[in-house]
């Protein structure tokens, strides 16, 4: 799987012209791949992983969903204090799968929850106090949106930090054609 989204592919996200090379894959496989890529960033952060067993397969472009998750995990590690816990969870929700990444950094002010997904938005408070290009979450927004899903920022349920929630729709696995043998 490619590790980065090519510039011409990213421009396709913004214009709705990106052709997705979809495949059936488990969210656990995507999480594993993203965690392998972010392993070095997470060495100072206890990682809690909660994946509901028996989740159905997703029909997605695996590299794009992996990259979106990598971007979110990188942000969680970047904005969490040393030894700050990072929690990754995945479970079923109505019509889809919900993946959340929570940190216990300073958090994002509620008035910036939607703005953090705008291109080049870097904010100057809470989690956005460390400067970046303002592209990471905007790219995630495009990649998740291209799959018919959505991404949102919300307060952490633990009272401090931020949770980024990725909602991915479920599609039915095609059935075997009649007369096909196993």
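May I ask you to sort 59, 113 by Cβ crowding, counting other Cβ atoms within 10 Å and putting the fewest first? Ascending Cβ contact count within 10 Å gives the list 113, 59. Peptide packing for 158-167, 44-53 was compared via the average number of neighbouring C-beta atoms within 10 Å per residue; ordered from the highest value, the list is 158-167, 44-53. Among rounded, prolate and oblate, which fits segment 48-105 when a ≥ b ≥ c are the square roots of the eigenvalues of its C-alpha gyration tensor, a/c under 1.5 means rounded, and a/b larger than b/c means prolate? It comes out oblate by the Cα gyration axes.
Since every read-out is calculated from the coordinates, none of them should be taken as a lab result. Remember, predicted model here, so these are calculated numbers, not experimental data. Glycine gets a Cβ as well: all are built from the backbone with ideal geometry, and neighbour counts include every protein chain shown.
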